Every structure is written in C-alpha cells, then in structure tokens.
1. Name the single residue that is farthest from Phe36 (Cα to Cα) among those in region 91-121 being hydroxyl-bearing (Ser, Thr, Tyr) and surrounded by 15 or more Cβ atoms within 10 Å (Cβ to Cβ).
2. Within region 124-155, which residues are in contact with an Asp or Glu (Cβ under 9 Å, 6 or more places away or on another chain), of a type in the set (D, E, K, R) and over 15 Å from Pro4 (Cβ atoms)?
3. Which numbered condition in (1) surrounded by 14 or more Cβ atoms within 10 Å (Cβ to Cβ); (2) in contact (Cβ under 8 Å) with a residue 40 or more places away in the chain is the only one that Val77 fails?
4. Determine if region 9-31 includes at least one residue that is among the charged types (D, E, K, R), under 30 Å from Leu148 (Cα atoms), surrounded by fewer than 18 Cβ atoms within 10 Å (Cβ to Cβ) and over 15 Å from the mean Cα position of the chain (by Cα).
5. Touching a Pro at 6+ places or on another chain (Cβ under 6 Å) and either part of a helix (DSSP H, G or I) or at pLDDT below 95 (or both): does that describe Phe60?
6. For region 55-67, which positions are open to solvent by less than 80 Å² (accessible area, probe 1.4 Å) and either of a type outside the set (D, E, K, R) or touching a strand residue (DSSP E or B) at 6+ places or on another chain (Cβ under 9 Å) (or both)?
7. On the given criteria, is Glu107 under 13 Å from Val9 (Cα atoms), of a type outside the set (Val, Ile, Thr) and touching a Phe, Trp or Tyr at 6+ places or on another chain (Cβ under 8 Å)?
8. Would a scan of region 65-72 turn up a residue that is more than 18 Å from the chain's Cα centre (by Cα) and farther than 29 Å from Gly29 by Cβ?
Amino acid sequence: MATPVHDVVGIGFGPSNLALAVALEEEYGADVDAVFFEKQPSFGWHRGMLLDGATMQVNFLKDLVTMRNPTSRYSFVNYLHDRGRLVDFINHKTMFPTRLEFHDYLEWVAASFDGAVRYGSEVVAVRPHDGETLEVVVRRDDELHTCLTRNLVIGVGL
C-alpha cells in the first residue's frame with residue numbers, strides 16, 4: 001500500500017490551523033488534500049479559561065475569517081444567526097462575546113472539518129523524504145502511522 005501524499009499537513013487544530021482549513025476550503029474546495037493532526041481527543045480551545053462571564057479581549061470581528069473574507073459562511077455573525085443568537089448579541093451592547101460563546105463558535109466551525117482532522121493523533125517526527133515531500137510520523141492508539149506532505153504547517157499553540 002502506497003504512503004499517502006497530502007498537499008498540506010497541519011500539526012495541531014486550534015484557531016490558527018482551523019482558520020487555515022477554512023481558507024483552503026474557500027480558496028480551493030476539494031482540489032486540495034489537507035489533513036490536520038491534533039493530540040487532544042476532540043476540539044478544544046483554552047478549556048481551563050472558559051469561566052462563566054469571562055469575555056474575549058478582542059472584537060468579535062477578529063474571528064477566523066472576517067478580515068480575510070467578510071462574506072464567509074464561517075463568520076462569527078453567521079454562527080450567531082445559525083444559533084438564533086444574533087438579535088440578543090446585537091442588543092447586548094458589547095463587541096466582546098464571552099469566552100464560552102467564542103469556544104462554541106470555534107467548535108461550530110471545527111465540526112465542518114471533522115473529515116480532515118485526526119483527533120487523538122500526536123505527531124512524533126517530521127523528516128525529509130525527498131526533494132519535494134516531508135515524512136510525518138503520527139502516533140495514534142499506540143501505533144505509528146506515516147504520511148507524506150508537500151507542505152507542513154505547525155500550529156500547536158502555547
């Protein structure tokens with residue numbers, strides 16, 4: 001069986017690589033083969049900082065997409081509309097959503113990319129393969145798997 005060669009491999013699936021996944025989909029659709037390896041068992045963003053009432057420190061327009069594509073279906077405003085919260089948010093008189101709500105937004109977007117993310121997968125090695133690809137070694141369920149990629153993006157957060 002041949003080792004798969006991906007156009008893009010992302011290490012980590014937090015906001016940076018989530019935004020990348022959105023950008024790749026919006027720009028290339030199915031014409032790009034991207035896979036993301038995340039060691040957490042499911043999507044999560046700063047779970048220890050999701051305190052009731054704690055708000056974001058940045059404006060909601062600095063979501064995953066608005067600065068790049070204000071018409072994206074992955075915008076925070078579209079999330080609010082989808083959740084039936086747009087009117088309440090607008091009437092709340094703040095530009096800063098709660099951290100819990102923003103985490104829910106990120107999970108909402110991440111759910112669209114479940115097919116491209118391998119949760120519970122830790123990248124343990126990256127090494128040159130040939131002049132055009134890198135070999136990525138991933139541990140999942142105590143087994144090692146290998147894939148090749150033309151491009152590697154590291155977004156492991158803190």
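1. Here the answer is Thr98.
2. Arg127, Arg139
3. In the conditions (1) surrounded by 14 or more Cβ atoms within 10 Å (Cβ to Cβ); (2) in contact (Cβ under 8 Å) with a residue 40 or more places away in the chain, Val77 misses (2) alone.
4. The answer is yes, given that some residue of region 9-31 is among the charged types (D, E, K, R), under 30 Å from Leu148 (Cα atoms), surrounded by fewer than 18 Cβ atoms within 10 Å (Cβ to Cβ) and over 15 Å from the mean Cα position of the chain (by Cα).
5. Spelling it out, Phe60 is indeed touching a Pro at 6+ places or on another chain (Cβ under 6 Å) and either part of a helix (DSSP H, G or I) or at pLDDT below 95 (or both).
6. Once the filter is applied, which keeps residues that are open to solvent by less than 80 Å² (accessible area, probe 1.4 Å) and either of a type outside the set (D, E, K, R) or touching a strand residue (DSSP E or B) at 6+ places or on another chain (Cβ under 9 Å) (or both), region 55-67 yields Thr55, Met56, Val58, Asn59, Phe60, Leu61, Leu64, Val65, Thr66.
7. So Glu107 does not fit the description; no.
8. No: region 65-72 contains no residue that is more than 18 Å from the chain's Cα centre (by Cα) and farther than 29 Å from Gly29 by Cβ.
The values are calculated or read from the model by the stated rules, or taken from the named source; none is laboratory data. What you are looking at is a predicted structure, and each value in this text was computed from that prediction instead of being measured. Note: ideal-geometry Cβ built from the backbone for every residue, glycine included; neighbour counts use all protein chains shown. For the accessible areas, the whole protein counts, side chains as well, though only heavy atoms, and no ligand, DNA or RNA atoms are used. Shrake-Rupley method; radii C 1.70, N 1.55, O 1.52, S 1.80 Å.
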